[in-house]
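The values are calculated or read from the model by the stated rules, or taken from the named source; none is laboratory data. This structure is a prediction, so every number in the text was calculated from the model and none was measured. Note that we place each Cβ from the backbone using ideal geometry, even for glycine, and neighbour counts take in every protein chain shown. Just so you know, the surface numbers come from the protein's heavy atoms only, side chains and all, with ligands and any DNA or RNA stripped out. Shrake-Rupley method; radii C 1.70, N 1.55, O 1.52, S 1.80 Å.
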Amino acid sequence: MKPYIEMTKDELEQEISALRREYKKYQAMDLHLDMSRGKPCKEQLDISMGMMDALNSEADLTCEDGTDCRNYGVLTGIDEAKVLIGDMMENNPDNIIIYGNSSLNVMYDTIARAYTHGIMGNTPWCKLDKVKFLCPVPGYDRHFGITGYFGIEMIPVPMSPEGPDMDMVEKLVAEDEAIKGIWCVPKYSNPQGYSYSDDTVRRFARLTPSAKDFRIFWDNAYCIHHLYDDKQDYLLEILRACEEAGNPDMVYKFCSTSKVTFPGSGLAALGSSKRNLDYIKSVITIQTIGPDKLNQLRHVRYFKDINGMKNHMKKHAAILRPKFELVQKRLTEELGGLGIGEWSNPVGGYFVSFNTLGGCAKTVVGMCKDAGVTMTGAGATYPYKKDPQDSNIRIAPTFPPIDELAKALDVFVLCVKLASVQKMLEEDVTIAEQS
């Protein structure tokens, strides 16, 4: 089929009539399909069931240093778990703190601590007239939810396959002392699946912010979440890059095993400089007497080392790869060449980013919902849920069984076509009529 922009008005009207007939057929099916969140599917959860047998009532529950994991203490995590998670994060075990199950909770706490008590002796953010945060877009809605909750002004920064617009980032942080941080998902980003280039990471490390308490919130959520053995993105390690650039305190690095083992029952960690960690430890001493060391021990006993974890992730990839390939196949077959959409093709992570014609994303998501397919809300990938182009939609293919995913994609591409033709007819935009 030729691009929609090249069709005459009569051809578009014929097309929309056919699309509406097909859409009504899907509405009559009473579908209940979900592509809204990046959750692991049942098959992915099943591959971690052996972890439930790693500890039992007969097991030795002491660490290598003799610590009894059933008791209080060990504020920053047991040594064995620090080695395992340190290898996952590509950081020295001495430079990390292991928390409970949620990295999002650690990020929230980190913002809250800066808001109420400041960072390492600097003025608490709650006492400042204005606090701002840079937000690469499209980005992770839950990041924006945290800063939005604290009333922090969020400034969108455009993303490219190389990472955020670093010219803009460098200029803004150097000029405005109110800018206290930036959200980053640097590897297989949410939602586009981009990984920051070496040059981007080095430019982050060399930033010269006006604010002494500026921090890079480096959420490396998908650090080992590859889809292929032979096609894997590489990410320069940010803590090392910052140290080499003379800015060792400028970054907080987060990760978790939420999409490695069981979401809600994994391990979360924060990596940073010694000065940052010493300050954080002085605060969390008030907050807790220690994390769940039995869960830490369970992860160590199950994986044994980073190689065990990497082999485990290959099992995840075998489940997810066909789903991501199906997304690419359906989008290419149904929308390729029509000129009404663009999408990312990641080799890792959990999402595919789709851009409609301007002004169509909310319509597409609404049409999908009315046909029984739940998508992430249009605008969710932008601060305040306001996509200025109303074009970005996050596709989350991981959770549905592949037959349901196929049906959901059928509905999605149909809605993209229908919304696009409707928009073009409303605006009377075609090359054929103009020529």
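Legend: calculated FRET efficiency, Q27 to E6, from the Cβ-Cβ distance at R0 = 30 Å, rounded to 0.05, equals 0.50.
Convex hull volume per residue, computed on the Cα atoms of the range 49-142, equals 178 Å³. Among the listed pairs K2/K24; K187/K274; K314/K369, those with a Cα-Cα distance over 26 Å are K314/K369.
Our summary gives the range 295-435 a relative contact order of 24 percent, counting only alpha carbon pairs under 8 angstrom and 6 or more residues apart. Separation of the range 13-32 and the range 345-366, taken as the distance between their Cα centroids, equals 21 angstrom. Of the cross-linked pairs K253/K329; K323/K362; K25/K362, those separated by over 26 Å at the C-alpha level are K253/K329. Among the listed pairs K231/K259; K310/K385; K42/K407; K9/K407; K171/K259, those whose Cα-Cα separation exceeds 27 Å are K310/K385; K9/K407; K171/K259. Translational diffusion of the chain was estimated from the Stokes-Einstein equation, with Rh taken as the Kirkwood radius over Cα pairs; at 10 °C and 1.306 mPa s the coefficient is 68 µm²/s. Database remark: amide H of F254 closer than 5 angstrom to the amide H of W218, D219, N220, G271 (H placed geometrically; neighbours at sequence offset of 5 or more, or on other chains; Pro and chain starts carry no H). Computed extension length for S160-E333: 59.8 nm, one decimal, from 0.36 nm per residue of separation with the Cα-Cα distance subtracted.
Per residue, the range 7-46 exposes 63 Å² of accessible surface when a 1.4 Å probe is rolled over the protein heavy atoms with every protein chain present.
If the chain linking L128 and E177 were pulled fully straight, counting 0.36 nm for each residue of separation and taking away their Cα-Cα distance, it would gain 16.6 nm. For the range 1-120, the calculated P(r) over all alpha carbon pairs, in 10 Å bins from 0 to the bin holding the longest distance, is 9, 19, 23, 14, 11, 15, 8, 2 percent. Cα convex hull, the range 134-223: 84 Å³ per residue, rounded to a whole number.
For the pair A54 and Q287, a Förster radius of 25 Å applied to the C-beta separation gives a FRET efficiency near 0.35, rounded to the nearest 0.05.
Packing, as the average of other Cβ atoms within 10 Å across residues, places the peptides 384-391, 84-91, 109-116 in the order 84-91, 109-116, 384-391, highest first.
Each other residue within a Cβ distance under 13 Å of P40 adds +1 if Lys or Arg and -1 if Asp or Glu, for a net charge of +4. Shown for the chain are the DSSP H helices of 24 Å or more along their axis, judged by Cα atoms, with a mean Kyte-Doolittle hydropathy of at least -0.5: 402-427.
Modelled spin labels at N105 and L75, positioned 7 Å past Cα toward Cβ, are 1.8 nm from each other.
Solvent-accessible area of the chain (1.4 angstrom probe, protein heavy atoms only): carbon and sulfur portion equals 48 percent. Could you let me know the centre-to-centre spacing of the range 235-303 and the range 67-95, using Cα atoms, in angstrom? Each part reduced to its Cα centre gives a spacing of 9 Å.
Can you give the helix-only mean residue ellipticity at 222 nm for the chain, where every DSSP H stretch with n ≥ 4 adds -39500 (n - 2.57) and the sum goes over all residues, rounded to the nearest 500 deg cm²/dmol?
Roughly -13000 deg cm²/dmol at 222 nm, from the helical runs in the chain.
How much net charge surrounds K2 when only the other residues with a Cβ under 12 Å from the Cβ of K2 are counted, with Lys and Arg +1 and Asp and Glu -1? Its environment carries a net charge of -3.
With contacts taken as Cα pairs under 8 Å at a separation of at least 6 residues, the range 69-157 carries a relative contact order of 19 percent. Protein heavy-atom accessible surface, 1.4 Å probe, per residue over the range 304-350: 46 Å².
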